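So the structure is just underneath, and the comments pick up after that.
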Amino acid sequence: MASSAEITSQEYISHHLTNAKMCMADGGVAFNYACADAGFWTLHIDTLGWSVFLGMVFLYIFRSVAKKAQAGVPGKLQCAIEMVVEFVNDSVKSSFHGNNPVIAPLALTIFVWVLLMNAMDWVPVDLIPTLAGLIGINYIKSVPTTDINMTLALALGVFWLIIYYSIKVKGVGGFIKELSVQPFGHWTLYPVNFVLEVVTLLARPLSLALRLFGNLYAGELIFILIATMGVWQIFGPHFLWAAFHLLVIPLQAFIFMTLTIVYLSLAHEDH
Amino acid sequence: MNVNVTFISEMIAFVVFVLFCMKFVWPPLIGAIEARQKTIADGLAASDRAAKDLALAQEKATAQLKEAKAQAAEIVEAAKKREAQLIEEAAEKAQAEKDKILAAGHAEIESERNRAKEELRKQVAVLAVAGAEKILERSIDAAAHSDILDKLVAEL
């Protein structure tokens, strides 16, 4: 692809980093370049499609096991699924000490879903765009977590839960008080405290979203750069970078899950 | 890379997935895991109990065996004692029987001798009278001299 005479490396890279867009234009559905002016009302159908597909894969596998789950001797698939469930459950129990039926399923969903979406990074960068090109789809980005919309949606989903549980556990007054009385103890500094703490609070979803996005986007970018090497990539760089992602991909999913649990656990703490 | 409506759709998808996971995935899985953990814990506890019971039973069996041995030894001892006693008793009885038989024999012999003595004495008296008759060549009035004869008999 990269060696193809018609496209330069730069075009190749920007092509691979462009989402498939969809929008309403001129009273009908329009795609890609036609959506240049749609602004906020542009939909990345590749991000949405892949993420929903992967989420369904996750839920389908887990649900099919859960339906047949029995306390007796488990099958091999049930063992594997239970390992994941126990891993998440242990993570939740180690940092969250309240009794909340939402946290553990939330953590499981985040962990497996993000893991699957990240794992799309291992798919060779040209495979899916080439296949999609055959059926007339010009742009497709197959790693949903390299789209800031995806990671921000996850992070803000968590953020609303932080706000919800903070207010539910401490009340509006208690929540505001918690934001105001620290780090400085004197009452004259409470407004300063409040500004600082609100920034801290807002930084949480932002850092969650940007950490995941940044890691995966950078990883994908390097994969694409390696792909521009043409045939030489198979002698090392691609393999090495993919092997390195054995660390990056689960680690980012794990970090997202753990921070979610920690933030929600902080939201439940009443001082 | 700009934020757009994708973000809202993803958030809806996220909420739906989490709710589905919460309702249909997590509870049966964690339920199965916890039920199995309980089964295993119960099994381990039962095996612990069984091991303890076994140890206790062994201890009991050993104690009973010991007791039985002691009892057996006691019985053997008693039997030996009884045996010795029986032998002694039998010996005593035999001795007594022997003594009795001997005494009876002695008594019979004595009476027999006495009878023979008496007989002899009488015969000697008759012989003496007959001898005296022959010596005197005359008949002695037996009635007149019976006192002398009786005296003679008594002296024999």
To the nearest whole number, what is the average tally of beta carbon atoms from other chains within 10 Å of the beta carbons of peptide A:93-105? 2
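Can you tell me the equivalent ellipsoid semi-axes for segment A:45-268? Use √(5λ) from the Cα gyration tensor, largest first, whole Å.
Over the Cα atoms of segment A:45-268, the semi-axes work out to 36, 25, 15 Å.
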Compute, for segment A:39-104, the length of the dipole vector about the Cα centre, with Cβ point charges of +1 (Lys, Arg) and -1 (Asp, Glu) only. Units Debye, rounded to 20. 240 debye
Relative packing of B:145-156, A:97-108, which averages over residues the other C-beta atoms within 10 Å, highest first: A:97-108, B:145-156
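Please average, across the residues of A:79-86, the number of beta carbons from any other chain that are within 10 Å of each residue's own beta carbon, and give a whole number.
Shielding by partners across A:79-86 averages 3.
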Which angle between 0 and 90 degrees, to the nearest 10, do you get for helix B:5-20 versus the longest principal axis of chain B when only C-alpha atoms count? 20 degrees
For helix B:142-155, report the angle its Cα long axis makes with the longest principal axis of the Cα atoms of chain B; keep it between 0 and 90° and round to the nearest 10°. 40 degrees
Given a 1.4 angstrom probe, I'd like the percentage of the accessible area of segment A:45-268 that is carbon and sulfur, rounded to a whole number. 75 percent
Need the per-residue list for segment B:21-41: every residue with at least 50 Å² less accessible surface in the complex of protein chains than in the chain by itself, probe 1.4 Å, sorted by number. B:CYS21, B:MET22, B:VAL25, B:TRP26, B:LEU29, B:ILE33, B:ARG36
Sorting A:ASN138, A:VAL248, A:LEU202 by the position of each Cα along the dipole of segment A:45-268 (Lys, Arg +1; Asp, Glu -1; all at Cβ), the one nearest the positive end of that ordering is A:LEU202
What lysines sit close enough to B:LYS52 to cross-link, taking a C-alpha to C-alpha distance under 19 Å and skipping anything fewer than 8 places away on the same chain? B:LYS60
Ignoring ligands and nucleic acids, A:MET56 exposes an accessible area, probe 1.4 Å, in Å² to the nearest 10, of 110 Å²
Find the percent of Cα-Cα distances in the protein assembly as shown that exceed 38 Å, and round it to a whole number. 55 percent
Can you give me the accessible area per residue for the protein assembly as shown, using a 1.4 Å probe, in Å²? 60 Å²
A:LEU251 paired with A:LEU202, simple spin-label distance in nm, labels 7 Å along Cα-to-beta-carbon: 3.0 nm
Name the cysteines of chain A that stand alone by the Cβ rule: no other cysteine Cβ under 4.7 angstrom. A:CYS79
Can you compute the charge dipole magnitude of chain A about its Cα centre, using +1 on each Lys and Arg Cβ and -1 on each Asp and Glu Cβ, nothing else charged? Give it in debye, rounded to the nearest 20. 740 debye
Ellipticity estimate at 222 nm from DSSP helix runs (n ≥ 4, -39,500 (n - 2.57)) divided over chain B, nearest 500: -33500 deg cm²/dmol
Positive end of the dipole of the protein assembly as shown, charges at C-beta (+1 Lys, Arg; -1 Asp, Glu), about the Cα centre: which of B:ALA45, A:PHE87, A:ALA30 has its Cα farthest in that direction? A:ALA30
Among B:ALA84, B:GLY105, B:ALA73, flag the residue with its Cα farthest along the positive direction of the charge dipole of chain B, charges on Cβ as +1 for Lys/Arg and -1 for Asp/Glu. B:ALA73
Between A and B, buried accessible area summed over both sides at probe 1.4 Å, in Å² to the nearest 100? 3500 Å²
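Please identify the helices of chain A, taking whole runs of DSSP H, that span at least 18 Å along their own axis as judged from the Cα atoms and have a mean Kyte-Doolittle score of -0.5 or higher. Write out the running numbers ahead of the final one.
On the way: long enough: A:45-68 (34 Å, 1.00); A:76-95 (29 Å, 0.32); A:103-119 (23 Å, 2.12); A:148-180 (33 Å, 1.18); A:190-227 (54 Å, 1.39); A:237-268 (45 Å, 1.50).
Once both thresholds are applied, what remains is A:45-68, A:76-95, A:103-119, A:148-180, A:190-227, A:237-268.
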Tilt relative to chain B, helix B:26-136 - C-alpha long axis, 0 to 90 degrees, to 10: 0 degrees
Rounded to the nearest 20 Debye, what is the dipole magnitude of chain B about its Cα centre when Lys and Arg each give +1 and Asp and Glu each give -1 at the C-beta? 1000 debye
Residues of segment A:133-153 that become at least 50 Å² less accessible with every protein chain present than in their own chain isolated, using 1.4 Å: which are they? A:ASN149, A:ALA153
Quick one: pull the percent of accessible area on segment B:5-114 belonging to carbon and sulfur, 1.4 Å probe, ligands and nucleic acids left out. 66 percent
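The values are calculated or read from the model by the stated rules, or taken from the named source; none is laboratory data. Remember, predicted model here, so these are calculated numbers, not experimental data. Methodologically, a virtual Cβ is constructed for each residue, glycine included, from the backbone with ideal geometry; neighbour enumeration extends over all protein chains shown. Note: areas computed on protein heavy atoms with side chains; ligands, DNA, RNA excluded. Shrake-Rupley method; radii C 1.70, N 1.55, O 1.52, S 1.80 Å.
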